[in-house]
Amino acid sequence: MSRTPSGHDVPTIGGSSSSARKVVVLASGGGSNLAALLAAHGKDWFGGRIVAVITDNPAAGAINIAHDAGIACAVVDPRDSESRVEWDRALAETVAVFGPDLVVSAGFMRILGADFLRAFGGRTINTHPALLPSFPGAHGVRDALAHGVKVTGCTVHFVDAGVDTGPIIAQAAVAIQDDDTEESLHERIKVEERRLLVEWVSKLLRRGYTLDGRTLTLGEAG
Ligand code: GRF
């Protein structure tokens, strides 16, 4: 067991056969991070398999990507819930159906709430298109560009109760070019994001880990 920053005891991945480890991906948009994970999950080195894709957005491109890959897909639309709390509970219940070892938020544009984190805290990770703790929130690329930083990038991190505040797993830097627009910069960041996300999901699945406060220690399993 490990203790999350928010104080919950969570099971630590490790020990059992890594190929059996299950991943649920949360995605709201086009799904290029999902596609990168799916391209890797059949490989021996990946260390697990993606068992389901869950979205909040009935128009998400991620749905088609999941269908094409033959992966179970569910929509948990906030418009079907009476409150944020109810939606969060519905999301947690849907994810629980698939019994994941790891939940990957890959372009999921909603805050995960208390019920979700009670169930999956310490084993839910997210990718963010900026070098946290700089530029958290929904407009990390735009905010970095507007601030005039010369280097930005992406961060893979555990999800906690804050907005992009959880323990950092890995980061990659991307230099900003003079003629960058939000779109051009985001595309270059996404290339790094996909690489980093696949690398670290695989590492967490294969090696297992413990999380002590903000410190991640990889295990030796797998
Ligand atoms: C990624 O940059 C992610 O960090 C951000 O939204 C983008 C999702 O891209 N939150 P995609 O849907 O995986 O292509």
Q: Specify the residue that is farthest from SER28 (Cα to Cα); the eligible residues are those in segment 72-91 that are touching a strand residue (DSSP E or B) at 6+ places or on another chain (Cβ under 7 Å) and open to solvent by 20 Å² or more (accessible area, probe 1.4 Å).
A: ALA72
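Residues checked against (1) touching an Asp or Glu at 6+ places or on another chain (Cβ under 8 Å); (2) closer than 29 Å to ASP88 by Cα:
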site	(1), (2)
LEU132	yes, yes
PHE135	yes, yes
HIS157	yes, yes
GLY162	no, yes
GLY166	yes, yes
GLN171	no, yes
ILE176	no, no
GLU182	no, no
LEU205	yes, yes
Q: Quickly run through segment 35-51 and pick out the residues that are open to solvent by less than 40 Å² (accessible area, probe 1.4 Å), under 19 Å from GLY208 (Cβ atoms) and either assigned to a helix (DSSP H, G or I) or of a type in the set (D, E, K, R) (or both).
A: LEU37, ALA40, PHE46
Q: Report, by residue number, each residue of segment 102-119 that is in a helix (DSSP H, G or I) and crowded, with 24+ Cβ neighbours inside 10 Å.
A: PHE116
Q. Of ILE169, ILE125, which residue is touching a residue at least 60 places away in the same chain (Cβ under 8 Å), touching a helix residue (DSSP H, G or I) at 6+ places or on another chain (Cβ under 8 Å) and either within 24 Å of VAL198 (Cα to Cα) or part of a loop (DSSP other than H, G, I, E, B) (or both)?
A. ILE125
Q. Which members of segment 146-166 meet the condition of being in a strand (DSSP E or B) and surrounded by 12 or more Cβ atoms within 10 Å (Cβ to Cβ)?
A. THR152, GLY153, CYS154, THR155, VAL156, HIS157, PHE158
Q: For residues that are open to solvent by less than 70 Å² (accessible area, probe 1.4 Å) and over 14 Å from HIS157 (Cβ atoms), tally how many sit in segment 207-217.
A: 2
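The values are calculated or read from the model by the stated rules, or taken from the named source; none is laboratory data. Please read these numbers as outputs of a predicted model, since none were measured by experiment. Quick reminder, even Gly has a Cβ in these numbers, built from the backbone with ideal geometry, and neighbours come from all protein chains shown. These accessible areas exclude ligands, DNA and RNA; they are computed on the full protein's heavy atoms, side chains included. Shrake-Rupley method; radii C 1.70, N 1.55, O 1.52, S 1.80 Å.
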